[in-house]
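Shown next, in structure tokens, is the structure this report addresses.
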Amino acid sequence: SCCYLSRRLNQLSSHDPLWKRHCKKYWLISEEEKSQRNQTWKAIFISTYSDLGRYIRYYATLKKAWDDLEKYLGQRCPRMIGSLKESVREEDLDAVEAQIGCKLPDDYRCSFRIHNGQKLVVPGLMGSMALSNHYRSEDLLDIDTAAGGFQQRPGLKQCLPLTFCIHTGLSQYMALESVEGRNKYEIFYQCPDQMARNPSAIDMFITGTSYLEWFTSYVNKVVTGGYPIIRDQIFRYVHDKECVATTGDITVSVSTSFLPELSSVHPPHYFFTYRIRIEMSKDALPEKACQLDSRYWRITNAKGDVEEVQGPGVVGEFPIISPGRVYEYTSCTTFSTTSGYMEGYYTFHCLYYKERFFNVTIPRFHMVCPTFKVSTARMVSREKVVLILDFFFNYEPNHNEYAVDEDEDSTDTDEYEDRRRVLDIPAPSGRCPRHT
């Protein structure tokens with residue numbers, strides 16, 4: 001627009017160094033890429049804008065996230081790189097919108113213009129989790145697979161799956177419209193209400209408020225080392241830097257993770273796994289070598305209820321710790337409250353002086369369930385129950401009221417069943433028996 005106002009502005013608008021700054025800021029074009037394309041900075045900006053202009057607010061952030069992730073995976077998880085798919089075209093995204101009858105958010109579209117998710121393989125790009133009898137690995141779905149899983153059923157209306165685990169069937173969904181109590185573009189794990197007879201009663205563990213925030217925050221965790229790489233996979237354990245305790249030459253640190261696929265809001269059952277690292281300083285004297293004999297746990301939930309657990313070894317093992325050696329293991333626990341914490345100690349005996357025993361502190365570590373939303377189907381049901389209970393306990397007959405037809409006065413079966421469920425709630429599931 002400036003170039004039409006005067007000859008001087010016309011000259012300035014064609015000044016290539018001005019376009020260089022925009023090319024680097026908005027499209028992350030490098031000097032090397034410019035040389036390969038053999039175009040001016042202005043020509044590169046205009047041609048890129050004609051293709052990706054609608055994504056100018058998101059492209060640089062998402063492109064950097066993808067570049068950082070690829071660089072990191074290339075060094076730490078090279079086989080995962082081969083599962084990433086090439087970008088899709090605008091017309092492909094338009095065709096998906098026509099197929100599902102909903103608009104895709106621009107940040108989501110922009111990401112798929114860079115990479116079309118990944119193949120359905122293991123390990124999944126969006127992280128793994130493993131226990132002795134449970135394994136999860138989430139793939140980032142390509143656009144066609146996601147469109148095939150688009151939901152219109154009650155409870156998940158107008159929700160698009162972003163991830164999928166072929167072992168558990170677990171997905172993270174993005175709401176494409178503000179329906180059934182969800183905010184538009186909110187991302188969540190579904191959690192069926194096990195106490196409701198209505199299959200559309202689905203609670204939600206919230207994992208993001210937009211695709212941009214959800215994806216870039218995950219990538220940042222990965223590339224900054226926030227998630228450990230174990231056996232060439234990204235494991236979604238979160239380590240609090242304060243969850244470290246040193247006793248003598250032995251250091252114990254803890255990281256934790258919430259498992260939505262094994263948790264529920266109704267009944268309240270929140271499942272967590274924790275990974276413990278026990279390490280002896282490499283500078284310790286050889287005679288400091290020792291063996292773990294037993295463990296003691298003090299477990300406290302959000303109500304202040306305390307449980308104590310004591311037993312031999314850890315996960316059935318009695319590891320030997322020597323200078324420079326590291327021992328790691330994974331275990332789990334559940335809470336009937338949305339948060340809780342654990343702390344305790346290990347008892348070791350010295351290998352050189354077998355009669356000598358000592359305790360090693362396990363630092364206190366907290367576990368907190370992510371934000372969740374209760375199903376709107378349950379909320380409607382509870383409103384019915386309140387009205388019925390109010391009628392039963394507070395109603396005083398008025399003989400002057402008009403007569404009611406017999407059919408209208410009959411008990412509604414669904415409402416009666418809802419009332420019974422509220423008054424006779426089953427006890428929550430028991431605690432995971434391990435605490436190892």
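The values are calculated or read from the model by the stated rules, or taken from the named source; none is laboratory data. Predicted, not measured: the structure shown is a model, and the values here were computed from it. Cβ: placed from backbone, ideal geometry, glycine included. Neighbour counts: every protein chain shown. Side chains are part of the model used for accessible areas, which takes the heavy atoms of the whole protein and leaves out ligands, DNA and RNA. Shrake-Rupley method; radii C 1.70, N 1.55, O 1.52, S 1.80 Å.
Of note:
- Among the candidates K184, K157, the residue that is without any contact (Cβ under 8 Å) to a residue 12 or more places away in the chain and either out of contact with any helix residue (DSSP H, G or I) (no Cβ under 7 Å at 6 or more places or on another chain) or in the same structural domain as K103 (by the TED database) (or both) is uniquely K184.
- Test: residue in the range 97-115 that is at positive phi and open to solvent by 10 Å² or more (accessible area, probe 1.4 Å): yes
So that you can scan it fast, the table gives a plain yes or no per residue for (1) over 21 Å from the mean Cα position of the chain (by Cα); (2) touching a residue at least 40 places away in the same chain (Cβ under 8 Å):
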{"residue": "Q75", "(1), (2)": "yes, no"}
{"residue": "L84", "(1), (2)": "no, yes"}
{"residue": "E91", "(1), (2)": "yes, no"}
{"residue": "D94", "(1), (2)": "yes, no"}
{"residue": "E97", "(1), (2)": "yes, no"}
{"residue": "G101", "(1), (2)": "yes, no"}
{"residue": "D106", "(1), (2)": "yes, yes"}
{"residue": "S111", "(1), (2)": "no, yes"}
{"residue": "H115", "(1), (2)": "no, yes"}
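- Candidates in the range 19-38 are the residues that are exposed (fewer than 15 other Cβ atoms within 10 Å of the Cβ) and out of contact with any helix residue (DSSP H, G or I) (no Cβ under 7 Å at 6 or more places or on another chain); of these, the one that is nearest to D67 (Cα to Cα) is S30.
- Of all residues in the range 191-205, those that are farther than 17 Å from C369 by Cβ have Cβ atoms under 6 Å from Cβ atoms of residues that are outside any loop (DSSP other than H, G, I, E, B), 6 or more apart or on another chain, in A196/R378; N198/A377; S200/A377; A201/A377; A201/R378.
- In the range 234-245, the residues that are at pLDDT 95 or above and farther than 13 Å from I276 by Cα: I234, F235, R236
- Residue in the range 143-156 that is within 24 Å of A65 (Cα to Cα) and within 17 Å of the chain's Cα centre (by Cα) present: no
- Residue check, T145 surrounded by fewer than 19 Cβ atoms within 10 Å (Cβ to Cβ), outside any strand (DSSP E or B) and touching a helix residue (DSSP H, G or I) at 6+ places or on another chain (Cβ under 7 Å): no
- Spans of strands (runs of 3 or more DSSP E) in the range 233-306 with at least 3 residues open to solvent by 30 Å² or more (accessible area, probe 1.4 Å) and touching a residue at least 24 places away in the same chain (Cβ under 8 Å): 238-247, 270-280, 290-301
- Qualifying residue in the range 58-77 (condition: part of a helix (DSSP H, G or I), modelled with pLDDT under 95, within 14 Å of H115 (Cα to Cα) and outside the structural domain of K24 (by the TED database)): no
- Y173 vs. criteria open to solvent by 30 Å² or more (accessible area, probe 1.4 Å), farther than 15 Å from K103 by Cβ, assigned to a strand (DSSP E or B) and without any contact (Cβ under 8 Å) to a residue 60 or more places away in the chain: no
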